[in-house]
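Written out below as structure tokens is the structure these notes cover.
Taken together, the values in this text are just the output of simple stated rules run on the coordinates, not laboratory data. Model, not experiment: these values are computed from the prediction.
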Amino acid sequence: MPSPRQIGFLVFPRVTQLDFTGPLQVFAMLPGAKLHLIWKRIEPVPSDSVMTLTPTTTFADCPQLDVICVPGGHGTNDLLNDDEVLDFLRRQAEGAQYVTSVCTGSLALGAAGLLKGYRAATHWSAMEMLAQFGAMPTKTRVCVDRNRITGGGVTAGIDFALTLVSILVDRPTAEAIQLQMEYNPAPPFNSGSPDTAPAEVLALLRERGAQNHARRLEAVKRAAEKVM
């Protein structure tokens, strides 16, 4: 009997839960997959919404993963200079078949030195930050470069996971999961990208996120100095 495919998601304070719960649902439908939610300790972890998450394993007890995935969120800023987190990602990346992220989780991969020379995607608001880690920012929903697979912002996590299933197994398996989820997006507005959103909506969102963006830039700068 084949060994289960070990797939793990890093969970951390102020993570955006949809960044990983979308992919988690996809992988939960993948036969032979064993899923892990990983943090430093087994204790409740607050997301960036009302939801609280419970890790299933710690850094110390986590098995070698076939797929390591880092989601994003406001809490990403604190990961970028957290040596315990970055060391864990480096250790797992050495033996993982695929090193992956969703949204701004790619910045954590970059801070761990895992995206040098790789094309990578991230949330549109952080795209210009990837280059500071030696990555090549790529404006796409899912970016596949060798064994690095990175998703764009939040909802792109489902696209990322279905793409990875098609690589791990085959396209019919991925399509069957897509159908089971009835993943057939038809958004009510055409504002899901800075390229298509009304200018006033984009300006409003940039204004709302200005303080966090500034904090993230500072965290990226400090982290990049250690990597480059």
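Our summary gives the chain a relative contact order of 18 percent, counting only alpha carbon pairs under 8 angstrom and 6 or more residues apart. Tell me, how many Å apart are the Cα centres for region 1-65 and for region 213-228? For region 1-65 versus region 213-228, the Cα centre distance is 26 Å. Seen through its C-alpha gyration tensor, with square-root eigenvalues sorted a ≥ b ≥ c, region 93-166 comes out oblate because a/c lies at 1.5 or above while a/b is not bigger than b/c.
Quick one: of the DSSP bridges fully inside the chain, what percent are antiparallel, nearest 5? The partial results should precede the final answer.
Working: 6 of 28 bridges.
Beta bridges within the chain, antiparallel portion: roughly 20 percent.
Determine the equivalent ellipsoid of the chain by diagonalising the alpha-carbon gyration tensor, then write out the semi-axes as square roots of 5 times the eigenvalues, largest first, rounded to whole Å. Can you show the working numbers first?
On the way: eigenvalues 125, 99, 57 Å².
Gyration-tensor ellipsoid for the chain: 25, 22, 17 Å.
Separation of region 72-90 from region 98-159 is 14 Å, based on Cα centroids.
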